[in-house]
Amino acid sequence: MKVLVFGATGDQGEAQLRRLIVAGHTPVAVARDPSKLGVAGVASMAADYRDPDSLARALDGVEALFVTMPSTSFQAADPLIRAVDAIGQAARRQGLRMAVFNSSMIIKDKKRGFAAHDARWEMRERLRDSGVPTVSIQPVIYLDNLLRAWARKHILEEGRIFYPHHPDLDVCWICQDDVSDLMIAALDRPHLSGRAYNVGGAEAIRGPDLARRLGAVLGRPLRFDPRPIPDFCEAMAGVFKDVATLDRDRLTGELRRIYEWYNFGEEKPFSVDMAPILADLPVTLTRLEDWAEAHFR
């Protein structure tokens with residue numbers, strides 16, 4: 001299947017490109033600057049969400065699309081919602097058989113009052129309402145976050161996982177490759193159109209166990225150090241200061257509210273039962289140790 005990938009130059013998009021190739025599909029990346037693509041040999045198209053003709057050209061000849069948008073934890077939501085709306089309308093006009101939306105975070109059935117969550121909820125609904133058969137894959141949290149410089153340096157240089165989770169929090173970490181495989185599985189199952197899946201890894205892992213198991217792979221002890229949420233929010237404001245479109249106070253405030261929900265919400269947002277999801281979308285989830293061997297050794 002020929003699949004157009006929006007968000008292809010981000011790390012999630014790159015994982016989707018790689019896994020689509022492995023699965024035998026032909027990905028086409030939406031990229032203003034093809035030199036920024038991290039996967040070699042992938043065709044690319046330029047598209048402007050404000051220009052319906054450019055979207056039509058990008059969609060010409062493709063059968064399905066993957067949609068992953070920049071984080072609404074750091075970017076203004078309204079332009080991104082309008083972009084998804086435009087993509088959906090263009091895809092409907094082109095008669096695409098399938099769209100798969102990667103929300104990049106958990107989404108509940110109703111808005112929750114958090115800007116990041118509610119913007120993703122709105123994107124999902126706009127894409128569904130476009131008339132293109134749509135499945136939404138909604139990862140609760142990425143293992144790959146531990147590879148970012150702001151997390152990895154603490155692991156490798158200080159022997160600690162310094163992360164804003166309380167020690168008793170059950171967290172179903174999932175890697176980007178597995179999310180991509182779930183998206184690919186949805187491509188072949190149009191009867192699942194309209195479904196939304198909050199997805200995680202095969203097991204819930206608490207912080208101290210994460211440190212113990214990752215340390216075993218590294219061959220040295222790690223400790224789990226719960227990072228205070230306000231400290232984490234301030235650090236993220238610094239990390240994304242050059243690319244964020246939200247002002248610092250709004251960014252840190254929204255991050256604080258959603259991380260408090262992650263940690264203390266009665267729904268336990270980071271814990272999911274994957275058994276019924278894998279019955280619909282049969283993929284093999286990556287073990288924590290196998291993922292760590294690939295990325296930390």
**Asked** Got a sec to turn the phi values of segment 65-72 into Karplus ³J(HN,Hα) couplings, 6.51 cos²θ - 1.76 cosθ + 1.60 with θ = phi - 60°, whole Hz, x for Gly and Pro?
**Response** 9, 9, 10, 10, 9, x, 5, 7
**Dipole of the chain [Lys/Arg +1, Asp/Glu -1 at C-beta], most positive-end residue of H117, I81, A279** = I81
**Fill in**
If the chain between K153 and R287 were fully extended at 0.36 nm per residue, the gain over the current Cα-Cα distance would be 46.0 nm
**Message:** Going by Cα centres, segment 121-158 and segment 13-76 are how many Å apart?
**Reply:** 16 Å
**Prompt:** Using a basic spin-label model with each label point 7 Å from the Cα along Cα→Cβ, how many nm lie between R206 and D273?
**Reply:** 2.1 nm
**Request:** List, largest first, the extents of the alpha carbons of the chain along their principal axes, each in whole Å.
**Result:** 54, 40, 38
**Item:** Calculated log₁₀ intensity ratio I(q)/I(0) where the Debye formula runs over C-alpha points of segment 97-189, q = 0.20, 0.24 Å⁻¹
**Value:** -1.05, -1.23
**Largest-first principal axis extents of the Cα set of segment 145-222 (Å)** = 48, 24, 21
**Prompt:** Given only helices, namely DSSP H runs of n ≥ 4 each adding -39500 (n - 2.57), what is the per-residue ellipticity at 222 nm of the chain, to the nearest 500 deg cm²/dmol?
**Reply:** -13500 deg cm²/dmol
**Request:** Might you report the magnitude of the Cβ-based charge dipole of the chain about its Cα centre, with Lys and Arg at +1 and Asp and Glu at -1, to the nearest 20 debye?
**Result:** 160 debye
**Fill in**
Mean projected area (nm²) from the convex hull of Cα positions in segment 143-293 is 10.2 nm²
**Request:** Check cross-link reach from K110 to the lysines: straight Cα distance under 26 Å, and skip same-chain residues fewer than eight apart.
**Result:** K268
**Asked** V199's amide H: which non-local residues (gap 5+, or another chain) put their own amide H closer than 5 Å, with H modeled 1.01 Å from N in plane and none for Pro or chain starts?
**Response** Q138, V140
**Request:** Can you tell me the order of 12-20, 166-174 when each peptide is scored by its average per-residue count of other Cβ atoms within 10 angstrom, highest first?
**Result:** 12-20, 166-174
**Request:** Compute the acute angle (0 to 90°) between the alpha-carbon long axis of helix 77-94 and the principal axis of greatest extent of the alpha-carbon atoms of the chain; round to the nearest 10°.
**Result:** 40 degrees
**Message:** What do you get for the angle between helix 207-218 and the principal long axis of the chain? Use alpha-carbon atoms, 0 to 90 degrees, nearest ten.
**Reply:** 90 degrees
**Message:** For A43, what residues show an amide H to amide H distance below 5 Å, using hydrogens built from the backbone and excluding near sequence neighbours?
**Reply:** A29
**Asked** If we sort 177-184, 138-145 on the protection proxy, mean other Cβ atoms within 10 Å, highest first, what's the order?
**Response** 177-184, 138-145
**Item:** Paramagnetic reach from D249 (point 7 Å along Cα→Cβ, amide N under 19 Å) across segment 108-142
**Value:** 115-116
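FYI, it's all coordinate maths here, none of it is from the lab. Just so you know, these numbers come straight off a predicted model, no measurement behind them. No Cβ is skipped: glycine too gets one built from the backbone with ideal geometry, and neighbour counts run over all protein chains shown.
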